[in-house]
Amino acid sequence: MFQDRSGAAEMLEDLFPDEEATTQDYITRNPCLGKVQCGPVASKGGSNTARFVLENRQMAHTEGGWPEGLDCTDTEQTARFRKRVEKEEEYVNAVKTMATTVEHCLKQNNAVDIYEEYFAGTKVEHSTEPPSARNLTVFKDPQKIKRTTTRISWNPDGGKKLACAYSSLQFQQAPEGMSSNSYIWDLNNPNFPELTLVPPSPLVALEYSNRDPNILMGGSYNGLLVFWDLRSGSSPSRMTSIEKSHKDPVYEITWIQSKHHECMSTSTDGQILWWDTRKMNEPTDIYTLDTSNKPDTVMGIQGGTSLGYDVAAGPLKFLVGTEQGYILACDKKSKNPHDRIQNVFAGHHGPIYSLQRHPAFAAKYFLSIGDWTCKVWMQDIKTPIMSTKYEMCYLTDGCWSPTRAGVFFTTKMNGVFDVWDFLYKQNEPTLSIPVGETGLHCMRIEKDQGKLIAFGSLDGSTTLYEISDALCGAQPNEKQTVQAMFERETNREKQLASIDKEKKVKLKKIEMEAKQAAEGGDAADQAASDAKISELESEFFATLGISKTEGNSEGPGPEQDVDPDAQED
């Protein structure tokens, strides 16, 4: 028995069982049955955690606490005072003491990451958004005399700026007083250019370096190449000499893989020139686009209008689009200059304005823009594997999407911008947008996200569009599907080529048989004619009463006269 009324538990009495009374009053049960519950035994409990008290504290710091006689506005005096105090032991001990408290406060502030992305890395299985594009802004040429936007180049540092080249491509029709300046625009300030580039001649080509956002190379209308280091200002840092440059306008410049900033340029003068930006007084290599030793092409020198280069296809391999409509697959490593052109594709009926290798399949497939159509090629086949329908106006430029394997873009002379999505349909564009009333001359897409596209017009305006996520977001298994589509079309073209080859062989065989038959008929006619002549000769000698052998041996020759008196004797 226990008692707890006084606050502390106290035992009053302890009683033990009486064994004798137990044996007399109770008996052992036999058999003994027991029951056990097999289900789990559950219990319910609760606890209350300590309450977390949140307090907001602030600290206001004002300038003060300096000793008397010290001017706190004088940086030299305050700096000398700080150095003297920092060397004292009291200051060091005070900093060590406060460091623990400061560290605790910092850890409290960093306990929760308010910028954490909970759904980072998730992929959308499908997109229900219809393809669309919206106009963001327009960059207008500030000059009074309007010129054509001939080239656009995105800054490689995040795509926040773009460089635009302006020129008049009409031969000897440039108006008097036309400016030769080109501009660099900031996307956040479309009203005024951020920087003005001052070349000696209007620029036709302009390209940012792939590795340095401060490096620019421009190709002029008079054939010069101009190099800018934007850290030095608007004036060119270096330029080529007129004697060692192109003789026609430089239509495209491409940066190549190298340890230093090196590039290649092409022009309608029929030359490919390689340049090292450290020494631009002369090109490092020169190659003339001469196709005289290539069959099924126009003999002579081809004028270059576009370049296609991708390191994934080979650091020394490149494509050249010519003014005559041919695509030349070249390899710089060939020692013999005549062997640098490895393959020739009869591409278009006119100049080729754009060439680009596929970003995902650079070693095999490439895109070409020219005349009224766009074509997709395979490196080993001389015929296109896919092509768009013929438009009513010229196509001026085009490129692949950097984020989607089955999407590419084209611009037309009537000012319409087309989006082609091979996963959706192949016979017509998925989206067509009229950008402006004047024709479009060039376009360029931002490569990081593939969402921003800039279009250059004939009136000098540069229009910036943003396409929807459905056109720039990669679809599930899109790369494998597009690759299978290209391989299927490649096999089809190979089969058609083999069938065409068999037809040519059969046609050649038929021509040979006809020729032999004709030759055999002439021989038969000749034999019949000889037999007839021999028969007439036999009749003639029989009439004369002499044998044919005697006539041939003793008779007079064909030019001798026969004496009739001698014949009577």
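Accessible surface of the stretch 292-447, 1.4 Å probe: 53 percent of it comes from carbon and sulfur atoms. Measuring from centroid to centroid over Cα atoms, what is the spacing of the stretch 323-364 and the stretch 451-482 in Å? For the stretch 323-364 versus the stretch 451-482, the Cα centre distance is 25 Å.
Rounded to whole Å, the principal axis extents of the Cα atoms in the stretch 332-444 read 49, 28, 23, largest first. Per the Debye calculation on the stretch 456-543 with a single equal scatterer at every Cα and no solvent contribution, log₁₀ I(q)/I(0) for q = 0.18 Å⁻¹ amounts to -0.96. Sorted into 5 angstrom bins from 0, the C-alpha pair distances of the stretch 412-459 split as 5, 21, 22, 22, 21, 8, 1 percent.
Roughly how many Å is it from the Cα centre of the stretch 270-300 to that of the stretch 165-206, as a whole number? Cα centroid to Cα centroid, the span is 27 Å. In summary, the aspartates and glutamates within cross-link reach of LYS87, defined as a Cα separation below 18 angstrom excluding same-chain residues under 8 places away, comprise GLU76.
Across the stretch 365-371, rounded Karplus estimates of 3J(HN,Hα) from the backbone phi angles (6.51 cos²θ - 1.76 cosθ + 1.60, θ = phi - 60°) give 10, 8, 10, 10, 10, x, 6 Hz, Gly and Pro being marked x. For the stretch 385-471, the solvent-accessible area of protein heavy atoms averages 36 Å² per residue (probe radius 1.4 Å; ligands and nucleic acids excluded). Specify the angular offset, from 0 to 90 degrees and rounded to the nearest 10, of the alpha carbon long axis of helix 478-544 from the longest principal axis of the alpha carbons in the chain. The angle comes out near 10 degrees. The dipole here belongs to the stretch 452-534: it is taken about the Cα centre, uses +1 on the Cβ of Lys and Arg and -1 on the Cβ of Asp and Glu, and is about 380 debye. Taking all protein chains together and a 1.4 Å probe, the residues HIS348, HIS441 rank HIS441, HIS348 from largest to smallest accessible area.
Would you kindly give the portion of the calculated P(r) for the stretch 273-391 that falls above 26 Å, as a percent of all Cα pairs? For the stretch 273-391, the fraction of Cα-Cα distances above 26 Å is 18 percent.
Summed over the residues of the stretch 210-250 and divided among them, the accessible surface reaches 44 Å² per residue at a probe radius of 1.4 Å.
Considering helices alone, the calculated mean residue ellipticity of the chain at 222 nm is -7000 deg cm²/dmol, with DSSP H runs of length four and up weighted by -39500 (n - 2.57) and normalised per residue.
The trypsin sites (Lys or Arg not before Pro) of the stretch 266-375 meeting both criteria, a DSSP state outside H, G, I, E and B (loop) and at most 11 other C-beta atoms within 10 angstrom of the site's C-beta, are ARG278, LYS333, LYS335. Using a 7 Å offset from Cα along Cα-Cβ at VAL95, what residues in the stretch 66-82 end up with backbone N under 13 Å from the label point? Backbone N within reach: 82. Considering only HIS260, MET239, GLY304, whose Cα is most displaced toward the positive end of the charge dipole of the stretch 233-347, charges sitting on Cβ of Lys, Arg (+1) and Asp, Glu (-1)? About the Cα centre, the residue reaching furthest to the positive side is HIS260. The length gained on full extension between HIS104 and THR49, counted as 0.36 nm times the residue separation minus their Cα-Cα distance, comes to 17.6 nm.
Mind scanning LYS375/LYS508; LYS332/LYS504; LYS412/LYS451; LYS412/LYS501 and naming the pairs with a C-alpha gap bigger than 25 Å? With Cα atoms farther than 25 Å apart: LYS375/LYS508; LYS332/LYS504; LYS412/LYS501.
The values are calculated or read from the model by the stated rules, or taken from the named source; none is laboratory data. Source: prediction; values computed, not measured. Because the Cβ atoms are built from the backbone with ideal geometry, glycine has one as well, and the counts that use them run over all protein chains shown. What goes into the accessible areas is simple: the full protein's heavy atoms, side chains included, and nothing from ligands, DNA or RNA. Shrake-Rupley method; radii C 1.70, N 1.55, O 1.52, S 1.80 Å.
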